[in-house]
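Here the structure comes first, spelled out in structure tokens, and everything after it is commentary.
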């Protein structure tokens, strides 16, 4: 039996993109990946992220927004930064941890211009689906560097 890869999805506020990535990784790759998510800061779990993930059968409502410091002591194989700010602010990880940047648009920022809730949710759905496509390629995409 092979050891699961420990993967941390890191974002600015650990409210949306990193939470979606953790949810997808648990759902689709739970047999090979032990998934975590955290932020440089915490902004709470985004209700629209929860809503669009439930639409595709992935419940992230039990996850919580946490700072990366709360995960000290866990030796990650990979840290995937999912936004530019987290990539620029990424703390150093000791040992064998490889840091990879795979940026996704920020649904809350995109949704600010939406005229309706449905229009806003469309941004969340698009990013959700982009994150799923990335996670489906794991762990190979990690070893290939993206």
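The values are calculated or read from the model by the stated rules, or taken from the named source; none is laboratory data. Just so you know, these numbers come straight off a predicted model, no measurement behind them. Quick reminder, even Gly has a Cβ in these numbers, built from the backbone with ideal geometry, and neighbours come from all protein chains shown.
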Of the residues in the range 12-54, those that are over 19 Å from residue 117 (Cβ atoms), at pLDDT 95 or above and not in a loop (DSSP other than H, G, I, E, B) number 18
Would you mention how many residues in the range 55-67 are within 17 Å of residue 118 (Cβ to Cβ) and either in a loop (DSSP other than H, G, I, E, B) or under 12 Å from the mean Cα position of the chain (by Cα) (or both)?
1
The range 98-128 - residue that is within 12 Å of the chain's Cα centre (by Cα) and part of a helix (DSSP H, G or I) and, of those, farthest from residue 6 (Cα to Cα):
127
